[in-house]
Amino acid sequence: MEYKIDGTYKGTRIILGELAVKKREIISSFSMLAEQMGYEEVFLPTIELADVYVNKAGKEILGQMFEWEDKGRRQVCLRPEGTATCQLLAKSLFKFNKDVKLFYTVQCFRYEQPQAGRYREFTQFGVEWLNPSDIEAARDELLWMAEECIKCLTDNYELNSSVKRGLAYYVEDGFEISCPELGAQKQVLGGGRYDEGIGYAFGVDRLLLLK
């Protein structure tokens, strides 16, 4: 079950019972596949410098960020998505490493109008292949993994392997997976190629709406 109680912020939820079990099962099964394919788990910070997203995120996300000035007069934000931080890893920690394969589960935050499948705090499961030596092989593997994940939940999905994405860091058309039964919130995965690699993220909260 999901609950909204006095004192909780609009667009956030408390998840208990069978729904909590389902969420854990989704994340666990996706993580297991990623580990089997040689991806290493990374835990990303929740609070980040806002500059991380200024030149990477699209106008929509920039307008939705929870952003403020901290006590050191730095502009910081609650993370709106996971890929931008992994791009920083590709240019710093893994600058001289090829074929770094990472996966993560993160809480993300965007100030938007809450509705079913769209919340101000939400969970993403993401996979990133940084500094790939063969971008086409990386893309093929990621698409295969994405389909293997969604097949565990439903047979009724659509893969669009060439679609315009709203994030500024993409360097070519990206890809999406949609589940028509979810209506207006049917997109459950988005991804594509950026300068430092290629990756995708599932919206776990939308997957919870699948019957």
Every residue from the range 8-36 that is within 18 Å of residue 150 (Cβ to Cβ), of a type in the set (D, E, K, R) and surrounded by 14 or more Cβ atoms within 10 Å (Cβ to Cβ): 22, 23
Elements of type strands (runs of 3 or more DSSP E) contained in the range 57-158, each with 2 or more residues being touching a Phe, Trp or Tyr at 6+ places or on another chain (Cβ under 7 Å) and in contact (Cβ under 8 Å) with a residue 60 or more places away in the chain: 100-109, 121-130
Within the range 92-106, considering residues that are of a type outside the set (A, V, I, L, M, F, W, C) and surrounded by 15 or more Cβ atoms within 10 Å (Cβ to Cβ), the one farthest from residue 77 (Cα to Cα): 99
Residue check, residue 142 of a type outside the set (D, E, K, R), over 20 Å from residue 52 (Cα atoms) and surrounded by 17 or more Cβ atoms within 10 Å (Cβ to Cβ): yes
Condition broken by residue 24, with the remaining ones in (1) without any contact (Cβ under 8 Å) to a residue 12 or more places away in the chain; (2) touching a Ser or Thr at 6+ places or on another chain (Cβ under 7 Å); (3) among the charged types (D, E, K, R) satisfied: (2)
Boolean, residue 176 is surrounded by fewer than 20 Cβ atoms within 10 Å (Cβ to Cβ), out of contact with any helix residue (DSSP H, G or I) (no Cβ under 7 Å at 6 or more places or on another chain), farther than 24 Å from residue 46 by Cβ and among the acidic types (Asp, Glu): no
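Results for (1) farther than 29 Å from residue 115 by Cα; (2) at pLDDT below 95; (3) touching a Gly at 6+ places or on another chain (Cβ under 6 Å), shown as yes or no for each residue.
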| residue | (1), (2), (3) |
| --- | --- |
| 1 | no, yes, yes |
| 6 | no, yes, no |
| 42 | yes, no, no |
| 54 | no, yes, no |
| 73 | yes, no, no |
| 77 | no, no, no |
| 81 | no, yes, no |
| 100 | yes, no, no |
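The values are calculated or read from the model by the stated rules, or taken from the named source; none is laboratory data. Just so it is clear, the model here is predicted, and its values are computed rather than measured. FYI the Cβ positions are ideal-geometry reconstructions off the backbone, even for glycines, and counts take in every protein chain you see.
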